[in-house]
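Report on the following structure.
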Amino acid sequence: FRGGAELLFDGVKKHQVTLPCQPEPWDIRNLLKWIKQNLLKERPELFMQGETVRPGILVLINEADWELMGELDYKLQDQDNVLFISTLHGG
Amino acid sequence: PRTCMKCGQGTAALVIRVGDPFCRGCFREYFVHKFRAMLGKNRVIFPGEKVLLAVSGGPASSAMIRQVQEGLSREAAKRLRFIPGLVYVEEGAVHRQSPEQREQTLAQMEALLQATGFPYHVIHLEEALELPPSILQPGPERSRPPGPPGPSYKEAVDSFIQQQRQDGDSGTSVPGHSTQDTPAGPPATPRLPDAAQTQELLRSFEAAGTATAREELLEMLRTHLIVQTARDRGYAKVMMGESLTRVAIKLLTNLSLGRGAFLAVDTGFTDQRHGDVMVVRPMRDYTAKEIAFYNFFFGVPTVIVPPLFTKRREKPSIHQLVERFLLGLQEEFPSTMSTV
């Protein structure tokens, strides 16, 4: 998490995460749900809006724009790197 | 993975504007070129001129520093030719930071400023309490010596290049040291303003009443401090790092606040209302997204401070509402910001 987004996660920028096995595939949509339940420490509305990220928060998957990867539908692979950069209050 | 639409070869790293995939290399060129084109098209910065860059540690102004560094180090023909200085306004008081947090932020910023090698000035928002009343008036235009009018931009550039050739082109090299305007080594005196000043500043902010008024007050004080610094130190130009996103938000916010008459100066590339000091906004064509990606890909250092304090049950400021509105609309309609 960067650009200020880390402030919502106890100031911790890097989180190494092992997702539990489950029948549903792990896509970004489900990852976000998981993050909301397990990592987000406060004020969820500052990070998420509905099932997606709040407008102003960029998502990079393996250092590439998630718009190129299918956004919420992207299926996570082992060792994938997901980065959230907040662009709110940037001057 | 998709391919870059510009070179047709590289793997696309991000989508710019409405659905244009770019690879990292082409994106970098696009970004750097835009800055040069902005300055070249507008022709207001003359060679050898002193320009004060207003930086906040945030992504846009940090990207702006990088563009200036890139521009100054280019080979002779395409090199930027002005002399930069930096100014940082420390606003920890109104962000409700403790003295320790303020010291820490200050230390991080000083490291960032020092690393550029440019002369820099750190001022505290509390110093706004001491601004002279003259700040509210436009300063006198620098008195020109009597005689023929000054050179046009093109003439100035041509004669500058000529002069350089004669002098053996050492270039307008940036001073290698950054201590011109700050003491070398650790300062002996405490660096934060004393508590009484901080209290007085906070009282003014409390008195502002609403979140909207507080944001406006902050912007006004910050701008005045920057302009005064420019005036005191002999800078005729100030560069502010407002991005396209920030400018679009400002535009609608100002309309809502009844400042429609000043839209042009508040959001345009140049702002001459201060008379002797001209404000320019070279980042106003970059979206927040482009800036964030650039900073990430190319390691531009930033210093993040938590946003302006809003009490929990207080209504958000007009600025925040407009930001939410525009960013939300931008998700569905990616040309929203640039259209505004």
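How do the helices (runs of 4 or more DSSP H) wholly within segment B:244-340 filter down when requiring 2 or more residues that are of a type in the set (F, W, Y) and either in contact with an Asp or Glu (Cβ under 8 Å, 6 or more places away or on another chain) or under 26 Å from B:L14 (Cβ atoms) (or both): which remain?
Values: elements: B:244-256, B:263-267, B:288-297, B:318-332, B:336-339.
Those helices (runs of 4 or more DSSP H) span B:288-297.
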Original post:
Restricting attention to segment B:8-26, which residues are over 17 Å from A:V59 (Cβ atoms) and part of a loop (DSSP other than H, G, I, E, B)?
Top reply: B:G8, B:Q9, B:G10, B:R17, B:V18
Original post:
Consider A:C21 against the criteria (1) out of contact with any Leu (no Cβ under 9 Å at 6 or more places or on another chain); (2) more than 10 Å from chain B (Cβ to nearest Cβ); (3) open to solvent by less than 40 Å² (accessible area, probe 1.4 Å): it satisfies all of them except one. Which criterion is unmet?
Top reply: (3)
Original post:
Is it true that A:Q49 is touching a Pro at 6+ places or on another chain (Cβ under 9 Å), open to solvent by 40 Å² or more (accessible area, probe 1.4 Å) and at pLDDT 90 or above?
Top reply: yes
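Which count do you get for residues in segment A:43-91 that are in a strand (DSSP E or B) and over 25 Å from B:V300 (Cα atoms)? Can you show your working first?
Filtering segment A:43-91 down to residues in a strand (DSSP E or B) leaves A:48-49, A:52-53, A:57-61, A:64-65, A:75, A:82-86.
With the extra rule that they be over 25 Å from B:V300 (Cα atoms), the set shrinks to A:48-49, A:52, A:75.
Qualifying residue count, segment A:43-91: 4.
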Original post:
Just to be sure, is A:K33 surrounded by fewer than 17 Cβ atoms within 10 Å (Cβ to Cβ), out of contact with any Phe, Trp or Tyr (no Cβ under 7 Å at 6 or more places or on another chain) and at pLDDT 90 or above?
Top reply: yes
**OP:** Can you tell me which residue among B:K41, B:K34 is away from chain A (no Cβ under 13 Å) and without any contact (Cβ under 8 Å) to a residue 12 or more places away in the chain?
**Re:** B:K41
**OP:** Among residues belonging to segment A:1-18 that are open to solvent by 50 Å² or more (accessible area, probe 1.4 Å) and touching a helix residue (DSSP H, G or I) at 6+ places or on another chain (Cβ under 8 Å), point out the one that is farthest from the other protein chains (Cβ to nearest Cβ).
**Re:** A:H15
**OP:** Kindly list the number of the only condition in (1) touching an Asp or Glu at 6+ places or on another chain (Cβ under 8 Å); (2) over 24 Å from B:E290 (Cβ atoms) that fails for B:F82.
**Re:** (2)
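For segment B:219-250, how many residues meet the condition of being among the small types (G, A, S) and open to solvent by less than 20 Å² (accessible area, probe 1.4 Å)?
Quick first cut of segment B:219-250, residues among the small types (G, A, S) only: B:230, B:234, B:236, B:241, B:243, B:248.
With open to solvent by less than 20 Å² (accessible area, probe 1.4 Å) added as a condition, the list becomes B:230, B:241, B:243, B:248.
Result for segment B:219-250: 4.
Does B:F22 meet the test of being more than 14 Å from chain A (Cβ to nearest Cβ), in contact with a Phe, Trp or Tyr (Cβ under 7 Å, 6 or more places away or on another chain), modelled with pLDDT of 95 or more and within 19 Å of B:K289 (Cα to Cα)?
Numbers: more than 14 Å from chain A (Cβ to nearest Cβ): no; in contact with a Phe, Trp or Tyr (Cβ under 7 Å, 6 or more places away or on another chain): yes; modelled with pLDDT of 95 or more: yes; within 19 Å of B:K289 (Cα to Cα): yes.
So B:F22 does not fit the description; no.
Keeping to segment B:218-245, report how many residues are charged (D, E, K, R), within 14 Å of another protein chain (Cβ to nearest Cβ) and touching a residue at least 60 places away in the same chain (Cβ under 8 Å).
Filtering segment B:218-245 for residues charged (D, E, K, R) gives B:219, B:222, B:231-233, B:237, B:242.
Still in the running and within 14 Å of another protein chain (Cβ to nearest Cβ): B:219, B:222, B:242.
If we keep only those that are touching a residue at least 60 places away in the same chain (Cβ under 8 Å) too, we end up with B:222, B:242.
Number of matching residues: 2.
If you go through segment A:24-44 one residue at a time, do you hit one that is under 22 Å from B:Q330 (Cα atoms) and within 14 Å of chain B (Cβ to nearest Cβ)?
Of all residues in segment A:24-44, those under 22 Å from B:Q330 (Cα atoms) come to A:28-29, A:32, A:44.
Remaining after also requiring within 14 Å of chain B (Cβ to nearest Cβ): none.
Scanning segment A:24-44 turns up no residue that is under 22 Å from B:Q330 (Cα atoms) and within 14 Å of chain B (Cβ to nearest Cβ).
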**OP:** Report yes if some residue within segment B:279-292 is away from chain A (no Cβ under 14 Å) and open to solvent by 20 Å² or more (accessible area, probe 1.4 Å); otherwise report no.
**Re:** yes
Original post:
Are any of the residues in segment B:259-272 open to solvent by less than 10 Å² (accessible area, probe 1.4 Å), within 28 Å of B:F46 (Cα to Cα) and among the aliphatic types (A, V, I, L, M)?
Top reply: no
Original post:
Just a yes or no: is a residue in segment A:56-72 within 13 Å of the chain's Cα centre (by Cα), buried (at least 18 other Cβ atoms within 10 Å of the Cβ), within 30 Å of B:E215 (Cβ to Cβ) and more than 8 Å from chain B (Cβ to nearest Cβ)?
Top reply: yes
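The values are calculated or read from the model by the stated rules, or taken from the named source; none is laboratory data. If you're wondering where the values come from, they're calculated on a predicted model, not measured in any experiment. Don't worry about glycine lacking a Cβ; one is built from the backbone with ideal geometry, like all the others, and counts go over all protein chains shown. Note: accessible area is taken over every heavy atom of the protein model, side chains too, but ligands, DNA and RNA are not part of it. Shrake-Rupley method; radii C 1.70, N 1.55, O 1.52, S 1.80 Å.
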